[in-house]
Amino acid sequence: MNFDGKYMLEVFPTLLKYLPLTLVMAVVAMIFAIAIGLLLALVTKNRVPVLYQLANVYISFFRATPTLVQLFLIYYGLPQLFPSFSAMNALTAAIIGLSIKNSAYLAEIFRAALDSVDNGQLEACLAVGMTKAQAYRRIILPQAARNAIPASGNTFIGLVKETSLAFTLGVAELFAQGKMMASASLKFFEIYLAVAIVYWALTIVYSLLQEWLEKRLSKPYKN
Amino acid sequence: MIKVTNLRKQFNDLVVLDGIDIEVAQGEVVAIIGPSGSGKSTLLRCLNLLESPDAGRIEIGQATLDAPKYSRKQAHHLRQQTAMVFQNYNLFKNRTALQNVTESLIITKKMKQSEADKIGRALLEQVGLAHKADSYPITLSGGQQQRVAIARALAVDPHAILLDEPTSALDPELVAEVLQVIKAIAEKRTTMLIVTHEMAFARQVADRIIFMADGKIVEQGTPDELFDRPQNPRTQRFLQQISAPASFIS
Ligand SMILES: Nc1ncnc2c1ncn2[C@@H]1O[C@H](COP(=O)(O)OP(=O)(O)O)[C@@H](O)[C@H]1O
Ligand SMILES: [Mg+2]
């Protein structure tokens, strides 16, 4: 068996230099995805005319098409229609693509989470004179957030892994770097295993964070 | 003061409120009784626009509203005249007992936290739950939750409190503590509209009883008039049915 453990350990410092970029992509895309997803969920939940149909088409399209196709559509396709998009760099395109795709998934998660909050909560808010906006902000969204966290967390873990697709647009991120080092050293197994371990560790750290958050948020609901 | 004129509501083809007229004086306690499905809940829910009426005029306190056309602002204004106590409490699950009571003070009345807490604690004291101020709803019994809900309604300092079967979801042994609290509030001359199946309680606390059936007010009067000398055959039949659980045995 031909496995160079020492080499594998040596590549970690180089790979870890690319961790911040991966994290930035994932976190920025997640923030946009949450914002757009929440908007979509509110539109579909409240059946806002016209917007509701548009939102459904958006959700359906971006859930049903491969992420890679979406990224190419944005990065290589859009500048053809709108020349001003050619100024967009690959990293921006990747973040936009990942935001859009994950917003469609989060929209469904958020809507289910909103549905799981009993309508009596909204009625109770209105009955004490709150506006609907106040009701959502103070009572409904916090309860929905707790319901949404497990599934949203899975989406985020998926998103972290999907950032590796950015290499196809030419973004020099973690996986792209691994690929480059592998072609130089020809130690494919060591490099890709190291890359995999970095993603794995990232997911483990994130899961711990989420567990802590879930515990905090579920305090009011524990008997 | 509450004045309702020719209130109408239907769900699809089902006429649920068929021209309701009600006047409730300041400080009056009115109990609404009637068979299930007669429109009692819908009536209360139209008064704070949780259901939107199809026609009619609603006047409560400072607010007047003509259905079915009204602005969001008018709706909000009308809602602020009342508070509601729901059958299944509907306490804010992510708020402690105290926060349930103070939420409206802080959010809609823009009161300072310290001031709101003071009022909130006094109201919890009034319903006998000062010691549960920091408990979340899930840790409270049904009776305790409903008492918090009553304190929450009082905090709004409304012109009238609407109570929709406030004890129907409670285990029998918890009913008394809630009725006790409502009775104490009634004695302070708080305007109240109470839908209830607790006839003995209605008789005790209400100044007037309204009997509803099929979306109409069939008969109304003082408790003595309505319970002892009902005039309408519908009322007589209803009162007989509820006082004769014998059909249960046979
Ligand atoms: N949101 C709704 N949609 C359709 N039908 C309803 C709705 N709410 C109530 N109803 C119907 O209206 C009638 C009156 O209901 P309700 O006001 O709850 O009666 P009560 O409180 O006297 O039992 C019932 O037949 C009920 O099924
Ligand atoms: Mg009812």
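The values are calculated or read from the model by the stated rules, or taken from the named source; none is laboratory data. As the structure is a prediction and not an experimental result, all values here were calculated from the model. Every residue, glycine among them, receives a Cβ derived from its backbone with ideal geometry; neighbour counts consider all protein chains shown. Side chains are part of the model used for accessible areas, which takes the heavy atoms of the whole protein and leaves out ligands, DNA and RNA. Shrake-Rupley method; radii C 1.70, N 1.55, O 1.52, S 1.80 Å.
With helices as the sole contributors, chain B gives -11500 deg cm²/dmol at 222 nm; each DSSP H run of n ≥ 4 counts as -39500 (n - 2.57), and the sum is divided by every residue. Looking at the square roots a ≥ b ≥ c of the eigenvalues of the Cα gyration tensor of chain B, which shape do they give, rounded for a/c under 1.5, prolate if a/b is larger than b/c, or oblate? Oblate is the answer for chain B, as a/c is 1.5 or above yet b/c matches or exceeds a/b. The A-B contact accounts for roughly 2200 square angstrom of buried accessible surface, both chains included, probe 1.4 angstrom. Across the cross-link table entries A:Lys132/B:Lys112; A:Lys17/A:Lys219; B:Lys69/B:Lys109, which are compared at the Cα atoms, the separations over 30 Å belong to A:Lys17/A:Lys219. The lysines within cross-link reach of A:Lys222, meaning a Cα-to-Cα straight distance under 16 Å and a gap of 8 or more places when in the same chain, are B:Lys93, B:Lys132. For region A:144-159, backbone phi angles converted through the Karplus equation (6.51, -1.76, 1.60; θ = phi - 60°) give residue-by-residue couplings of 5, 4, 4, 5, 7, 4, x, 5, 5, x, 4, 4, 5, 4, x, 5 Hz, Gly and Pro being listed as x.
Packing, as the average of other Cβ atoms within 10 Å across residues, places the peptides B:92-104, A:81-93 in the order B:92-104, A:81-93, highest first. Note on chain A: Rg/Rh from C-alpha atoms, Kirkwood Rh, equals 1.06. Scanning chain A for trypsin sites (Lys or Arg not before Pro) lying in DSSP loops with no more than 13 further Cβ atoms inside 10 Å, the longest uninterrupted stretch between such sites is A:48-221.
Centroid-to-centroid, using Cα positions, region A:1-42 and region A:109-143 are 35 Å apart. Under 17 Å from a label point set 7 Å out along the Cα-to-Cβ vector of A:Ala35, no amide N atom of region A:131-173 is found. Alpha carbon centre of region B:185-246 versus region B:79-133: separation in Å? Centre-to-centre (Cα) distance: 30 Å. Each of A:Ala33, A:Pro79, A:Ile140 was placed along the dipole of chain A (beta-carbon charges, centred on the mean Cα), and the one lying farthest toward the positive end is A:Ile140. Peptide packing: for B:21-34, A:193-206, the average count of neighbouring Cβ atoms within 10 Å per residue gives the ranking B:21-34, A:193-206, highest mean first.
For the segment B:101-107, counting C-beta atoms of other chains within 10 Å of every residue's C-beta and taking the mean gives 4. Fully extending the segment from A:Tyr221 to A:Leu193, taken as 0.36 nm per residue of separation minus the present Cα-Cα distance, adds 5.9 nm.
The sum of -39500 (n - 2.57) across all DSSP H runs of n ≥ 4, divided by the residue count of chain A, sets its helix-only mean residue ellipticity at 222 nm to -24500 deg cm²/dmol. Here the simple spin-label model places points 7 Å from the Cα toward Cβ, and for A:Ala112 and B:Ser168 these points are separated by 3.3 nm.
Each other residue within a Cβ distance under 10 Å of A:Ala41 adds +1 if Lys or Arg and -1 if Asp or Glu, for a net charge of 0. Taking amide hydrogens as placed 1.01 Å from N in the peptide plane, the amide H of B:Lys216 sits under 5 Å from those of B:Asp18, each at least 5 positions away in sequence or on another chain. Working from label points 7 Å from Cα in the Cα-to-Cβ sense, the A:Ser86 to B:Ala122 distance is 7.3 nm. Once both labels are positioned 7 Å from their Cα atoms along Cα-to-Cβ, the gap between B:Asp207 and A:Leu78 label points is 6.7 nm. The calculated FRET efficiency for the pair B:Lys112 and A:Thr203, based on their C-beta separation and a Förster distance of 41 Å, comes to about 0.35.
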